[in-house]
1. Ranked highest first by the average count of other Cβ atoms within 10 Å around their residues, in what order do 101-111, 41-51 fall?
2. So who's got an amide H within less than 5 Å of the one on VAL95, skipping anything under 5 residues away but keeping other chains? H placed 1.01 Å off N, in plane.
3. Taking only Cα atoms, what is the 0 to 90° angle, nearest 10, from helix 164-174's long axis to the longest principal axis of the chain?
4. What is the distance, in nm, between label points placed 7 Å from the Cα along the Cα-to-Cβ direction at ALA34 and at HIS21?
5. Using the Kirkwood radius over C-alpha pairs as Rh, can you work out the diffusion coefficient of the range 178-277 via Stokes-Einstein at 4 °C, viscosity 1.567 mPa s, in µm² per second?
6. Considering the Cα trace of the range 198-242, what is its radius of gyration and what is Dmax, both in angstroms?
7. Within 10 Å of each candidate Cβ there may be at most 16 other Cβ atoms; applying that plus a DSSP loop requirement, which chymotrypsin sites (Phe, Trp or Tyr not before Pro) in the range 216-251 survive?
8. How far is the Cα center of the range 1-64 from the Cα center of the range 145-221, in Å?
Amino acid sequence: DILHLHWPEAYFAKHGPVSDHFRQIRFPFDLRRATRRAALVTTAHNLLPHNRDDAAAARNMRTVYQASRIVFAHSTGAKELLCETYDLDPANVLVIPHGDLSSTLGQPVPQAQARAELGLPPTGKIALMFGAIEPYKGQEEVIRWWRTSDRDTTLAIVGRVSAAQTLARIKGAIAGDPRIMLRPDWVSDDDLTKWLSAADVAVFNYERILTSGGAALARSWGLPILLPSRLFTVDLGAADGSVHRFKSLNADFADRLADALDVPPSYERARSWRAACDWSLIAEECRAAYSQAMSINRQSASAALLAAPARS
């Protein structure tokens, strides 16, 4: 009854010149065949695929969003941008919370223990940039700022690297600065728990994004967060002072970083945030949306049947 897509761009990814061209062209036809009888529901994680800004990707994303009976967005800002960019009916774009990604990680461990097990300095502040190391995440820009600053805070960049040239650029940007630590490896859940427990603040510098699973996880963990004001689509709440936004690295990043480091991490402080993002609540909202999607699908099918010419 329902086909729910989370990452449509996975079906027209770039791998090789010949297969890529064919994959871009066939996606709308494959989508139409896959949804002949099922109602399409899509979760809008991205406006466009990461690190891509080509016409084929834009066309295919427009195709999938416009074909969807329901589109899930994770913030009001994301909904408005989706509707504006892809001419979507606001009634069919529903805002639901991003699920609590901390629910599978267990409880935090003491900071001293986490640092000891990761081989980190026992004292001093640590700013963490975690997750896949990709150009769209803006790690190089933060590294350049860090190298010119006089802060004694350690910047830890942790996560797998998608391409050898990206890793080379990151290493070149660090240039041996002892205040910048690079761990370019896949991070297990156990180690991720340790990194989140060891850090004092989580830093994000996406160029553009609709939502951030990493930022949502750090928020659930009670780790203070620093991210750009331009990411108005990333809904993290800010009532308890855990979320700090900067205009630019050159303007006010240093001041906002200092503000974030003044707030101690607190898993308990994020209790209400985790409760609002509980998966059981999201499941109920999804079930209601599925019913709406199927109702729209049935109405469209009935209208098409009535409009079809009579057969002799």
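1. 41-51, 101-111
2. Answer set, sorted by chain and number: ALA73.
3. Here the helix axis deviates by roughly 30 degrees.
4. 2.4
5. Here the translational diffusion coefficient equals 91 µm²/s.
6. Final numbers for Rg and Dmax: 9.9, 28 Å.
7. Here the chymotrypsin sites (Phe, Trp or Tyr not before Pro) that fit, given the DSSP loop and packing criteria, are PHE232.
8. First find each Cα centre; the distance between them is then 30 Å.
The values are calculated or read from the model by the stated rules, or taken from the named source; none is laboratory data. All values reported here derive from a predicted model rather than from experimental measurement. Positions of Cβ are backbone-derived with ideal geometry, glycine not excepted, and every protein chain shown enters the neighbour counts. The protein model used for the area step is the full one, side chains on, heavy atoms only, and it has no ligands, DNA or RNA in it. Shrake-Rupley method; radii C 1.70, N 1.55, O 1.52, S 1.80 Å.
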